[in-house]
1. Which count do you get for residues in the stretch 43-57 that are closer than 13 Å to Met103 by Cα and either free of Cβ contacts under 8 Å to residues at least 40 places away in the same chain or open to solvent by 40 Å² or more (accessible area, probe 1.4 Å) (or both)?
2. Could you please tell me which pairs satisfy a Cβ distance under 8 Å, a separation of 6+ or placement on different chains, a first residue in the stretch 91-105 that is without any contact (Cβ under 8 Å) to a residue 24 or more places away in the chain, and a second residue that is open to solvent by 60 Å² or more (accessible area, probe 1.4 Å) and β-branched (Val, Ile, Thr)?
Amino acid sequence: MQTAPAPSQITALVTASTGCWYRYWYKSWYDAGIHDGDSWMQLNWCSSNSRITSWSQSNVGCAGHYGATCTPGGRADLNVGWEVRSSRYYQANFFGFNNTFCMQVRGGSTGLYSESSSASDGCPLN
């Protein structure tokens, strides 16, 4: 026979899905073994009752190395309720070749996160 959880246990479960978190991510980029540059971003997010309530990006930037240049570009966001997906795009010139790359952080309603990046034209939000 299974018993119902005590009210204090139920409160603890709800509280675990309420709060604010951040994830700072710094990434070094390489092309043919050459360290072309670095990029960074921070996702800040909050949730209440397992739903994302707010988010923002901060500490966004990039730097080129050995003649490469980099400029932070636009961003894209998608709130799917239990998770926010936030991408930052960067415009880079690697020795005469223009490229767009991105970094994406996904922040969950319990504080969990994941990261992905792409040296192509974008990070899918879906």
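The values are calculated or read from the model by the stated rules, or taken from the named source; none is laboratory data. What you are looking at is a predicted structure, and each value in this text was computed from that prediction instead of being measured. Ideal geometry is used to build each Cβ from the backbone, glycine not excepted, and the neighbour counts take in all protein chains shown. Each accessible area value is taken on the protein alone, full model and side chains, heavy atoms only, with ligands, DNA and RNA left out. Shrake-Rupley method; radii C 1.70, N 1.55, O 1.52, S 1.80 Å.
1. Step one: list which residues in the stretch 43-57 are closer than 13 Å to Met103 by Cα, which gives 43, 57.
Next, only the ones that are either free of Cβ contacts under 8 Å to residues at least 40 places away in the same chain or open to solvent by 40 Å² or more (accessible area, probe 1.4 Å) (or both) stay: 57.
Looking only at that region, the number is 1.
2. Short answer, once both residue conditions are applied: Gln91/Thr71.
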